[in-house]
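Written out below as structure tokens is the structure these notes cover.
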Amino acid sequence: MCPTGISAASARRYRRQRNGPRPPGRGSVTTVPFSDLAAMSQEVWPTIEDDYLRCLLGASYVGGAAVADFERSWAEYCGVSHCVGVANGTDAIELALTALGIGDGDEVVVPANTFIATAAAVLRAGAVPVFADVSDDTLLLDPATLRAAITPRCKAVIVVHLYGQPADMDALTSVADEHGLLVIEDAAQAHGAQWRGRMAGSFGAVGCFSFYPGKNLGAFGDAGAVVTRCPKVADRVRALANHGRAGGAARHQHDFAGRNSRLDALQAIALSGKLAMLERWTCRRIELARHYADRLGPAGIRMVGTAGPARHVYHLLVVRVPDRHRVQNELRRFGIETGLHYPVPCHLQPPLRGYTRERLPIAEQSAAEVLSLPLFPHMTRHQVDAVCVALETVLFAGVTAGTAS
Ligand SMILES: *Cc1c(COP(=O)(O)O)cnc(C)c1O
């Protein structure tokens, strides 16, 4: 018996309890969850159990070798020289902005189609978000929508690699350069995504990652990181996240009032363990996304488009459907869980209204249509088939779960 009591048999038992019995009357309908984080935890646990318990019982919880090890591995994976672990992805963006000297009324371009944290971090850094519309094909920031949003007070742009797809970094970087804007990458959904073979997060002045459990690389709780090639920016982020502390022997010297946003050692151990599986899990996501595309394309169901030189890592598999509310409810009755990313564009969320006067038609229209289908590394092709059959039925056959025999 292993010391934690989580033997393979009990892990299977937890899974059965969690998944629960099938509701009666469903016949052969396959129930498909939106994701399966427990399967990832169960796969990684045997590989980290010793380190995790040694750290837990040895009581070295914040910082230390486990954090430094993960930071080194994550920088290497991203192809950059520096990584600073922080408490979460939102802090990563806020600290990156502050470390780059952006705040105090500076304007920062943010795509309207993103998680609210991207824009909230701008506000928290004391800067002002300026929202840009997105491409109708990829739902990402593109050169035209970036150009249209830039004002004379803009100091930076946050490029968001949403859903796991890297934005066109060649074109966006050249527009940013033309206007003297710093580029910050929000790669919270894009671990291992690549543009022309180069990692998301490695193009801009900084790349910001979240390791929230549901992300492609997720901790056992909240965690995040900033990656950069610039040692000064890395030092500044590290100091900001650690009470403004100077490094090494000068630990009682606080050069400015920082805050506490550190990565803890237990999360770092979980992340290092999962990092060893990330490429395999990513390949599986891509394989399953292809299977989706092979089925949905011929059925005339619109997936969010992918650009040629992009390695999309499918954090989310997003389709656009009419009458999305009905479709989502019908799918639920078929036992298919779905998600919405995002039903309200960022610039229309209460704390952010008032920063944009113009309408952003593509972000607003697509927000009413997007539907995220189940996709996770431990999903089976059979489950993908079940989702596709249910979706086709709901969209085209006018049949509901209640009336299907
Ligand atoms: C998850 C996410 C964040 C925030 O990360 P947290 O770790 O939850 O703070 C920021 N931007 C995007 C695009 C995200 O998906």
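Bear in mind these aren't lab numbers, they're just calculated from the coordinates by the rules spelled out. Just so you know, these numbers come straight off a predicted model, no measurement behind them. So basically every Cβ, Gly included, is an ideal-geometry build from the backbone, and we count neighbours across all protein chains shown.
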Of 143-153, 80-90, ordering from highest average Cβ density within 10 Å down gives 80-90, 143-153
If each part is reduced to its alpha-carbon centroid, the range 203-269 and the range 171-189 end up apart, in Å, by 21
The residues Phe115, Phe256, Phe209, sorted from fewest to most surrounding Cβ atoms within 10 Å, come out as Phe256, Phe115, Phe209
For the chain, averaging the sequence separation of alpha carbon pairs under 8 Å that lie six or more residues apart and dividing by its residue count, the contact order in percent is 21
For the pair Asp69 and Gln253, the simple spin-label estimate (label points 7 Å beyond Cα toward Cβ) gives in nm 3.1
Residue separation between Arg290 and Arg147 times 0.36 nm, minus their alpha-carbon distance, gives in nm 48.2 nm
Other residues with Cβ under 14 Å from the Cβ of Ile150 give, with Lys and Arg +1 and Asp and Glu -1, a net charge of -4
Largest-first semi-axes in Å of the equivalent ellipsoid built from the Cα gyration tensor of the chain are 35, 30, 17
For the range 294-405 the translational diffusion coefficient, Stokes-Einstein from a Kirkwood Rh over Cα pairs at 37 °C and viscosity 0.692 mPa s, in µm²/s, is roughly 211
Toy charge model, Lys and Arg Cβ at +1, Asp and Glu Cβ at -1: the range 109-217 dipole around Cα centroid in debye, rounded to 20, equals 400
Summing -39500 (n - 2.57) over every DSSP H run of at least 4 in the chain, dividing by its residue total and rounding to the nearest 500, the 222 nm mean residue ellipticity is -12000 deg cm²/dmol
The distance between the Cα centres of the range 325-371 and the range 29-104, in whole Å, is 29
